[in-house]
Amino acid sequence: MLFNSYEFIFLFLPITFFVYFWLNKKRLTQASKAWLVFASLFFYSWWNIIYLPLILGSILFNFAIGSTITKMESISTTLSKGFSRKSLLAFGIVSNIFLLAYFKYMDFFILNTNTLLGTQWNLMHIVLPLGISFFTFTQIAYLVDAYRNEVKEMDYLNYTLFVTFFPHLLAGPILHHKEMMPQFDSIRNKVVNYKNIAAGLFLFSIGLFKKVVIADTFAQWANAGFDTAQSLNLIEAWATSLSYTFQLYFDFSGYTDMALGVALMFNIRLPINFNSPYKALNIQDFWRRWHITLSRFLRDYIYIPLGGNRNGELRTYSNLFTVFLVGGLWHGASWMFVIWGALHGSAIVIHRAWQQFGFTMNKYLAWFITFNFINITWVFFRAKDGVHVQNIFNGMLGLNGIVLPSFLANKLPFLNQFGVSFGRFLLTIKGDLVTFAAIAAGFAIIVLFRNSTTLSEQLKPTLSFQMWTSIALAFGLLSLTKVSEFLYFNF
Amino acid sequence: MYKKFSFKVFLFVAIIFGLVGGFNFLVDPYGLYRTFEKTGINQQKEGVRSKIRYVQSLQVIMQSPKTLMMGSSRVHDGLNPQSKSIPSSFQPVYNYGMPMIRIKEVKLFLSHALKEKQVKNVIIGLDFFMFNAKEKLNREFDPTLINPNSYGLNLYFKPLFCASALSDSIQTIKISQLQKKRNEFLENGYRPGSQVNFGLKSYERLHNYTNWTFLSTNQTDTLYYQDFGLDNEAFQEFQEILNLCKKNNINLYLYISPAHANLDGEGIIASGNLHRFETWKKKITYIANDFNITLWDFSGYNSVTTEKIKTPMQYYWDSSHFTEKVGDLILAKVLKTTAITPYDFGVALTPKNIDSHIINTRLQRETYYQSHRIEMDRLHEMYHNALDGKRQNPKDVEGIF
């Protein structure tokens, strides 16, 4: 089930909410937790129930491993037991990675093996279970925390709730066991808190608006430019890449806002995942603001175990680069993601070296370079393959020609001799002047506005907050669906 | 304080929903409810333009018609449900034509309409392009339109509580003000050609535009004659339509549309499809005969289809779409009502006469070609340019409207 669907907003959420707090009011706290688990599993199975056993099996397995690791610690700490704790942890992690690898990377592996070794293995066309990348990482973190003796909780119901709690189940944020469990147990969180509901409603409404109004508007141009266009002129190519840059941010951060908002209605605070990332002044800054919980995971469970910055500069550079390669591949099974990760890894390394030398840079120039780097590297993130990347880049470099709006034809006629033509300049991506206005508005929002999390913390029950929340929610709801269009007008 | 906050937000949202829904209901940009209609405000239902399938799929159920007219835009723009050629026992008639429809889609939309049991007669205008094996369904065909689960949502929710409906309402008001005399999308499904081509200035250039579209390999959203193939699947779909009608005791009337000879004669020849066209005619003749249904052929080179291209014309809007006058002639012949039609317009095809009919058509073509040499040379040069992927000469198409 998606947050931006009628069934979620009008049925699932209200029912889950009222039953949860009704059970709590009756002091049936275990039942209320069980209800939330049931609701979350229902939420998960809505699209396809076939993967329900998979997630349940994964939870049971990890809980068994995790609690065994914890128990072994409390029983004895002899050398041999200590060794087997470690091997149990290794077994747990490898199993999780194997599961993820099987479902997410099998076809990618087969394809590459076929290319490299000339084998003829058939692709398996495995459908990726929803949220597997998220619940696998969440549980790996849990196992490591258990090994580090940071896990006190050993209740199966609590653990299941932590993994399946529906607001974060499909698209994060990636949670830490220790930041969630106390919240589920706190007595204060069992009663309806109207301030949290108001803040949650605000976040949800803003998130919904960001996703279905803003992101989906940009999506039409981004999709046209990336998927269907044969050749893009200069303006079309930049409009395409910027549209995607905005689409991705408003889509993902909007979805996260909705997750945070819904969780808050249940008095659960999920960790912040986006903090105005496009305001970043360098690439390191960007990764402290973009998908923060993923960065945190990669830092704590890959970068630091690799040695972090403790083994000299060269090792630090290689550790950073490795982290970004893994981060890239985590996003999807394709070389495009690996290239994207490598580019960001290289940028991080360059930035670190730059800092080591003590160089500084003008703030505006720094923002400009950082934003453009991010914008250009998103092309690898979005494009299906190298051909598409090249198509966009050729356009962005002006190799497919430059077409300017026709009203400039009289003002800048001399440009004709440089091969510039005038006419319908956004034709290929089905855009018009609205595209320009939207991109300008996109820039204004990402640079000038406070982000939704900050705003939600400043929420006051004033008329203006009420109005903005209502308008965002109403337009979000009005934009959830539309009548399907048909574009061949004649014949 | 915060308790009121959420409550007020819900209240505001409800008010916004009420206002938007009420506004859309009154303006009615898809012409579904027709409770309030005023010239200069909302007579021209602009919302329908890009959502014809959506609107037709709902109207056909809402109107409970006894007779359906199905086919491509040639049917949609040319057959008037109120035509004098239709016997009154056929009423109410609904024009269920849709732009660029393929034979599979005809079947799907027909079975959707037959969910309402009162349909007794179906008239289908057949076009060669419907059977193209290279594109069996339009890329934008939306299966939820004929899915009963989404019917309530499509009828009562989307047209009222949707941001896109709101913008269609605004567009409806805007165009209704600008073009007060225009009323293009009627309640009975008909989209009169005179309204489609509102403000048409040059018939010649509109012909050029259409001819080019059918053969151009450069600027096309969908496939016409530039890339065409035949396979059995399309004929099976056709057969299933006939079966469906037989099973439901429906009187079925079939005819082949009369596009202008310059297109559904010369255009088919220029694109190398003549042999396929003749095979197609033969096959559908045999299939119709198996079901004891008369198939009328109005295409070819007759006194209607060879009308001289000029401004204005009595039989054609462009080379693909005939006028209501032709629609009336077709209906009179197919439904056997008493109206005088030109003697050479409409041949009932049977397995016995189909071969001689094809030879006759070839002979008539030869006569037409020889007697219009200058025009034909120009036309075929244009067709070859279109097939070569060239861009159309702007002078051929400027100032159509």
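The values are calculated or read from the model by the stated rules, or taken from the named source; none is laboratory data. On a predicted model such as this, the values are computed, not experimentally measured, just so you know. Note: ideal-geometry Cβ built from the backbone for every residue, glycine included; neighbour counts use all protein chains shown. Note: areas computed on protein heavy atoms with side chains; ligands, DNA, RNA excluded. Shrake-Rupley method; radii C 1.70, N 1.55, O 1.52, S 1.80 Å.
What is the residue count in region A:110-152 for residues that are open to solvent by 50 Å² or more (accessible area, probe 1.4 Å), in contact with a Ser or Thr (Cβ under 9 Å, 6 or more places away or on another chain) and among the polar types (S, T, N, Q)?
Of the residues in region A:110-152, 1 are open to solvent by 50 Å² or more (accessible area, probe 1.4 Å), in contact with a Ser or Thr (Cβ under 9 Å, 6 or more places away or on another chain) and among the polar types (S, T, N, Q).
Looking for something within 14 Å of chain B (Cβ to nearest Cβ) and of a type in the set (A, V, I, L, M, F, W, C) - is there at least one such residue anywhere in region A:434-452?
yes
Are there any pairs, at least 6 apart or on different chains, whose C-beta atoms fall under 8 Å, with the first in region A:434-457 and in contact (Cβ under 8 Å) with a residue 60 or more places away in the chain and within 15 Å of A:GLY254 (Cβ to Cβ) and the second in a helix (DSSP H, G or I) and of a type in the set (Asp, Glu), and if so, which?
A:SER452/A:ASP257; A:THR453/A:ASP257
Just to check your reading of the model, which residue among B:SER73, B:SER50 is open to solvent by less than 10 Å² (accessible area, probe 1.4 Å), polar (S, T, N, Q) and at the interface with chain A (Cβ under 9 Å from one of its Cβ atoms)?
Only one candidate passes the filter, namely B:SER73.
Can you pull out every residue in region A:191-218 that is more than 10 Å from chain B (Cβ to nearest Cβ) and either touching a Gly at 6+ places or on another chain (Cβ under 7 Å) or open to solvent by less than 10 Å² (accessible area, probe 1.4 Å) (or both)?
Across region A:191-218, the qualifying residues are A:LEU203, A:PHE204, A:GLY207, A:LEU208, A:PHE209, A:LYS210, A:LYS211, A:ALA215, A:PHE218.
Are any residues in region B:164-174 open to solvent by less than 30 Å² (accessible area, probe 1.4 Å) and either within 10 Å of chain A (Cβ to nearest Cβ) or under 23 Å from the mean Cα position of the chain (by Cα) (or both), and if so, which ones?
B:SER164, B:ALA165, B:ASP168, B:THR172
Condition check: part of a helix (DSSP H, G or I), among the small types (Gly, Ala, Ser) and surrounded by fewer than 19 Cβ atoms within 10 Å (Cβ to Cβ). Does A:SER295 satisfy that?
no
Of the numbered conditions (1) assigned to a helix (DSSP H, G or I); (2) open to solvent by 30 Å² or more (accessible area, probe 1.4 Å); (3) in contact (Cβ under 8 Å) with a residue 60 or more places away in the chain; (4) of a type outside the set (Gly, Ala, Ser), A:LYS178 fails exactly one; give the number of that condition.
Result: A:LYS178 fails condition (3) only.
Rundown of residues vs (1) farther than 16 Å from B:HIS207 by Cβ; (2) exposed (fewer than 15 other Cβ atoms within 10 Å of the Cβ); (3) in contact with an Asp or Glu (Cβ under 8 Å, 6 or more places away or on another chain), yes/no style:
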| position | (1), (2), (3) |
| --- | --- |
| B:VAL347 | yes, no, yes |
| B:THR350 | yes, yes, no |
| B:ASN353 | yes, yes, no |
| B:ILE359 | yes, yes, no |
| B:GLN370 | yes, yes, no |
| B:MET376 | no, no, yes |
| B:LEU379 | no, no, yes |
| B:TYR383 | no, no, yes |
| B:ALA386 | no, no, no |
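Could you identify the single residue in A:LEU480, A:LEU426 that is away from chain B (no Cβ under 14 Å) and not in a helix (DSSP H, G or I)?
A:LEU426
Here are B:ARG205, B:ARG182: which of them is open to solvent by 50 Å² or more (accessible area, probe 1.4 Å), more than 13 Å from chain A (Cβ to nearest Cβ) and within 22 Å of the chain's Cα centre (by Cα)?
B:ARG205
Considering only region B:257-271, I want to know if a residue exists there that is part of a helix (DSSP H, G or I), open to solvent by 30 Å² or more (accessible area, probe 1.4 Å) and among the polar types (S, T, N, Q).
no
Please go through region A:16-29 and pick out each residue that is surrounded by 12 or more Cβ atoms within 10 Å (Cβ to Cβ), out of contact with any helix residue (DSSP H, G or I) (no Cβ under 7 Å at 6 or more places or on another chain) and either polar (S, T, N, Q) or in a helix (DSSP H, G or I) (or both).
A:PHE21, A:TRP22, A:LYS25, listed by residue number.
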